[in-house]
Structure formats: C-alpha cells, structure tokens
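Written out below as structure tokens is the structure these notes cover.
The values are calculated or read from the model by the stated rules, or taken from the named source; none is laboratory data. Because the structure is predicted, anything quoted here is derived from the model rather than measured. Note that we place each Cβ from the backbone using ideal geometry, even for glycine, and neighbour counts take in every protein chain shown. Note: areas computed on protein heavy atoms with side chains; ligands, DNA, RNA excluded. Shrake-Rupley method; radii C 1.70, N 1.55, O 1.52, S 1.80 Å.
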Amino acid sequence: NDAAFAASRARSLGRAGRSRLAVAAHLAAHGVAKETAPAALPDDPAAELGAAVLLARRRRIGPFRRTEGDAELRRRELGMLARAGFPQPVAETALDMPPEDAEALVLRLRNP
C-alpha cells in the first residue's frame, strides 16, 4: 500500500531531521505517486521547525553549538539548513532558538 508506506516513511524521516522537501524527494525516488505523496507529508509548520531543530542538534549548530559563533558561521549554518531543504524563515527560527527551548522541542518530538 503506497499510502501507508508514504505515511510511515514521512514520519520516520521527519523524526530524523529531514525537511518536507527532502521527504517529498525521497518518496518520489521510491516510486510513490505524485498524488499520494502530499497526503503523507506533514502540513504543520511546527513539524518543519521540529525537523530543522533535530538536524541542528545532529550537526551541533545553532542552539546546540558549543562555541560562540560569528556572522560567517551563522551564514554557513543557514546554508546547511537551506541545502537540507528548509525554508529560510524556518532555518533562522531554528538557529535563533534558546538552547533550553530547542532541547525541550527535541524531547517532545522524540517522546510524542
């Protein structure tokens, strides 16, 4: 069942820090029909922000960075999130989150 596969894969990839755009590309690469894929993709902006924060945590950027950053580092981090398929407003919000809020969001996403 393509719909069940698409929904399961979309949830899994979202929890792994993949953007909506990356999930759509993954589903297309695995032969999911263009009509089936949009129904499986999360339409919640909070889900996209959560995925961006999960990626930031995995890459140790933004609120998870251990050292102080400068404008050049921020530009590079925005580039990382953009290349992963996140829109600029989502990437900026994820990078600007206080570390405590970002960690709380990660915990909520990992333990629904």
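Yes or no: the range 86-96 includes at least one residue that is among the small types (Gly, Ala, Ser), open to solvent by 40 Å² or more (accessible area, probe 1.4 Å), assigned to a helix (DSSP H, G or I) and modelled with pLDDT of 95 or more. Checking the range 86-96: not a single residue is among the small types (Gly, Ala, Ser), open to solvent by 40 Å² or more (accessible area, probe 1.4 Å), assigned to a helix (DSSP H, G or I) and modelled with pLDDT of 95 or more. Scanning the range 2-24 for residues that are small (Gly, Ala, Ser), in a helix (DSSP H, G or I) and either over 15 Å from PHE86 (Cα atoms) or open to solvent by less than 20 Å² (accessible area, probe 1.4 Å) (or both) yields a count of 7. Could you list, in sequence order, the residues of the range 60-75 that are hydrophobic (A, V, I, L, M, F, W, C) and either touching a residue at least 60 places away in the same chain (Cβ under 8 Å) or closer than 9 Å to LEU95 by Cβ (or both)? The one that is hydrophobic (A, V, I, L, M, F, W, C) and either touching a residue at least 60 places away in the same chain (Cβ under 8 Å) or closer than 9 Å to LEU95 by Cβ (or both): ILE61. Against the condition touching a residue at least 12 places away in the same chain (Cβ under 8 Å), assigned to a helix (DSSP H, G or I) and under 30 Å from GLU100 (Cα atoms), how does LEU27 come out, does it pass? In short, no.
Of the numbered conditions (1) assigned to a helix (DSSP H, G or I); (2) without any contact (Cβ under 8 Å) to a residue 60 or more places away in the chain, LEU109 satisfies every one except a single condition; which is it? Every listed condition holds for LEU109 apart from (2). For the range 58-75, check the following and say yes or no: at least one residue is open to solvent by less than 80 Å² (accessible area, probe 1.4 Å), assigned to a helix (DSSP H, G or I), closer than 25 Å to ALA10 by Cβ and aliphatic (A, V, I, L, M). No, because not a single residue in the range 58-75 is open to solvent by less than 80 Å² (accessible area, probe 1.4 Å), assigned to a helix (DSSP H, G or I), closer than 25 Å to ALA10 by Cβ and aliphatic (A, V, I, L, M). Being under 15 Å from ARG110 (Cβ atoms) and either of a type in the set (Asp, Glu) or modelled with pLDDT of 85 or more (or both) is a property that LEU21 lacks. When the range 41-57 is filtered for residues that are of a type outside the set (D, E, K, R), open to solvent by less than 70 Å² (accessible area, probe 1.4 Å) and part of a helix (DSSP H, G or I), the ones remaining, listed by number, are ALA46, ALA47, LEU49, GLY50, ALA51, ALA52, VAL53, LEU54, LEU55, ALA56.
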